[in-house]
Amino acid sequence: MKKFIFTICTALLLLSCDDQPVTVQDSMGQLNKIMVVIENEDWDGQVGDTIRNVLAQSVVGIVRDEPLFTLNHVKPRSFKGAIQKSRNFLQIKKSDSVKVSVKENPYANPQLGIIVSGPNPDAVAQAVYDNQNDIIKLFTKSEVSYKKGLMDKVALNVDRIKKRFGIDLTVPRAYRYAAVNDPDFVWLRRNIPEGTMDLMIYEVDRSLITRDSNTVSQIIKVRDSIGGLKIPVDEGGVFQTEPIFTPSLFESEVAGAFAFETRGTWEVKNMFMAGPFINYAVYNKERDNWLILEGYVSAPNADKRNYLFEIEAILRSASFVAAPSE
């Protein structure tokens, strides 16, 4: 079955896309949680299984299984009041034809709702499956935007990053500059109860990463050479890409530019230290090189999804800018 064109409706002032008056209020919900509005029998059947397989699939790069989104289920007749203000919701409806539509801010602000309609469970499940990439991208983009808005309120001064690399990005003040004497390498760290969250920014020559069958190995070589040299590790260990599992590679876009997105696991060689990382190799057309934006999490005994998501939100906030004046 072919993908359906998403119909996007935005609630403006007091009107919904169905011309029904609604009061737009602040939405509710924790990061990466989706309210699934669906009848019990469908939730327990094929449609629910498909939704779980799509939206609760394991996060790439985290060794211990953690869901992409946390799903809560509610029956349609109970989708009202405070529950209707959930920031993200996926609603299943019955209709004569199959349709996938998007509603922005219908009951609260900010809010994203995706409605999948069809004549029977088979058709609805197929529509969810066929449009899974778009559905995931829409919810992820919405959450990244929401997280960035939260971070904007407590942003770190990044003028030194702007001056050296020509980029701006939103980093919470909870992070600190760890590498202060290296003009070509930025290392930011945040202490968390279970460990640390780290960011790295540097540049490499365009020739070091090419778009071919060797791209993954080239990115691994770059990050291992820089990370192994720049990231200090106690007891003589070496910071590197975990060699057993090949990282996942995607083509993406960051700061309006082409980027290779790599997700995998880092480790400290010969030591019991490891965790997930996300790496963006962003092509900087003006400098004709690769800008490397990477973040990784060290939290052995904690769930890492939301930590890794914060890193993604920070890195995806990047934009190319002119260096600040002296």
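The values are calculated or read from the model by the stated rules, or taken from the named source; none is laboratory data. This is a predicted model, so every value here is computed, not measured. Because the Cβ atoms are built from the backbone with ideal geometry, glycine has one as well, and the counts that use them run over all protein chains shown. For accessibility, only protein heavy atoms count, side chains too; no ligands or nucleic acids. Shrake-Rupley method; radii C 1.70, N 1.55, O 1.52, S 1.80 Å.
The table for this structure:
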{"item": "Entirely in the stretch 42-122, the strands (runs of 3 or more DSSP E) that have 2 or more residues that are of a type in the set (Lys, Arg)", "result": "88-94, 99-104"}
{"item": "From the options Ser317, Ser252, residue that is farther than 17 Å from Arg189 by Cα, out of contact with any strand residue (DSSP E or B) (no Cβ under 7 Å at 6 or more places or on another chain) and among the hydroxyl-bearing types (Ser, Thr, Tyr)", "result": "Ser317"}
{"item": "Residue check for Ala155: among the hydrophobic types (A, V, I, L, M, F, W, C), at negative phi and buried (at least 20 other Cβ atoms within 10 Å of the Cβ)", "result": "no"}
{"item": "Condition met for Val238 (touching a helix residue (DSSP H, G or I) at 6+ places or on another chain (Cβ under 9 Å), of a type in the set (Val, Ile, Thr) and without any contact (Cβ under 8 Å) to a residue 60 or more places away in the chain)", "result": "yes"}
{"item": "Test: Phe69 is within 25 Å of Gly295 (Cβ to Cβ) and either surrounded by fewer than 18 Cβ atoms within 10 Å (Cβ to Cβ) or aromatic (Phe, Trp, Tyr) (or both)", "result": "yes"}
{"item": "Cβ-Cβ under 9 Å pairs, at least 6 apart or on other chains, the stretch 65-78 side acidic (Asp, Glu), far side assigned to a strand (DSSP E or B) and open to solvent by 40 Å² or more (accessible area, probe 1.4 Å)", "result": "Asp65/Ser58; Glu66/Ser58"}
{"item": "Qualifying residue in the stretch 235-256 (condition: surrounded by fewer than 16 Cβ atoms within 10 Å (Cβ to Cβ), assigned to a helix (DSSP H, G or I), among the acidic types (Asp, Glu) and at pLDDT below 95)", "result": "yes"}
{"item": "Test: residue in the stretch 304-311 that is part of a helix (DSSP H, G or I) and of a type in the set (Phe, Trp, Tyr)", "result": "yes"}
{"item": "Selection count where residues are surrounded by fewer than 11 Cβ atoms within 10 Å (Cβ to Cβ) and under 18 Å from Tyr283 (Cα atoms), scope the stretch 175-212", "result": "4"}
{"item": "Residue within the stretch 129-143 that is in a strand (DSSP E or B) and surrounded by 15 or more Cβ atoms within 10 Å (Cβ to Cβ) present", "result": "no"}
{"item": "One residue from Lys221, Lys230 being at pLDDT below 95 and surrounded by 12 or more Cβ atoms within 10 Å (Cβ to Cβ)", "result": "Lys230"}
{"item": "Output for the stretch 91-118, where each listed residue is open to solvent by less than 50 Å² (accessible area, probe 1.4 Å) and farther than 15 Å from Ser27 by Cα", "result": "Gln91, Ile92, Ser95, Val98, Val100, Ser101, Val102, Ile114, Ile115, Val116, Ser117, Gly118"}
